[in-house]
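Asks: Take this structure first; my questions come after.
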Amino acid sequence: MPFLLADSFQSSLEKLNGEEQKAAKLAAFELQINPAHPGLQHHRLDNIKDKNFWTARASRDIRLIFHRVESSVMLCYVDHHDPTCDWASRRKIETHPVISTAQIVEIREMVREIQIPLHSVAETAPAPGPKRPFAALTAADLRGIR
């Protein structure tokens, strides 16, 4: 099975300190040699756009993000625990429509405030009052009704 390294993995690896890089490289090597290694404690990530993203433990706090399908494994990102989950939650891997290569796509959600027009009391027509069917009758007429 092909084992691939994404550019995003290399750039994220460079941001770690020496000990963290060493742990990440060792975990990447273990993942390549034996993907079922129990020390990696790998599992599929939940609540993300691309269900093929997995995480593997490199150290107490350092995690690898990899994309696993039947035909390949691609290392995508490495960082501390929470930033790796955040990174994976905003991305998915798609096939480029023109050159047919894999590409990591960032998904950005846009929140837009919707302005609801408010009408003032002066702008609206006054509400009609209650119907008064006996308003035209006098008090004497009303006393005469039985």
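Asks: In the stretch 55-89, what residues are in a strand (DSSP E or B), touching a residue at least 24 places away in the same chain (Cβ under 8 Å) and over 17 Å from I104 (Cβ atoms)?
Replies: Listed by number, the residues that qualify are A56, R57, I62.
Asks: If we scan the stretch 74-83, do we find a residue that is surrounded by 14 or more Cβ atoms within 10 Å (Cβ to Cβ), touching a strand residue (DSSP E or B) at 6+ places or on another chain (Cβ under 9 Å), acidic (D, E) and closer than 21 Å to E20 by Cβ?
Replies: Yes, the stretch 74-83 contains a residue that is surrounded by 14 or more Cβ atoms within 10 Å (Cβ to Cβ), touching a strand residue (DSSP E or B) at 6+ places or on another chain (Cβ under 9 Å), acidic (D, E) and closer than 21 Å to E20 by Cβ.
Asks: Next question. Quick check on my filter: what residues within the stretch 90-119 are closer than 15 Å to S8 by Cβ, in contact with a Ser or Thr (Cβ under 9 Å, 6 or more places away or on another chain) and either in a loop (DSSP other than H, G, I, E, B) or free of Cβ contacts under 8 Å to residues at least 12 places away in the same chain (or both)?
Replies: Once the filter is applied, which keeps residues that are closer than 15 Å to S8 by Cβ, in contact with a Ser or Thr (Cβ under 9 Å, 6 or more places away or on another chain) and either in a loop (DSSP other than H, G, I, E, B) or free of Cβ contacts under 8 Å to residues at least 12 places away in the same chain (or both), the stretch 90-119 yields T101, Q103, I107.
Asks: Filter the stretch 1-30 down to the residues that are touching a helix residue (DSSP H, G or I) at 6+ places or on another chain (Cβ under 9 Å) and among the hydrophobic types (A, V, I, L, M, F, W, C), then identify the one that is farthest from F53 (Cα to Cα).
Replies: L16
Where a number appears in this text, it was derived from the coordinates with a stated rule and is not lab data. Note that the coordinates shown come from a computational prediction; the quantities given were computed from them, not determined experimentally. Methodologically, a virtual Cβ is constructed for each residue, glycine included, from the backbone with ideal geometry; neighbour enumeration extends over all protein chains shown.
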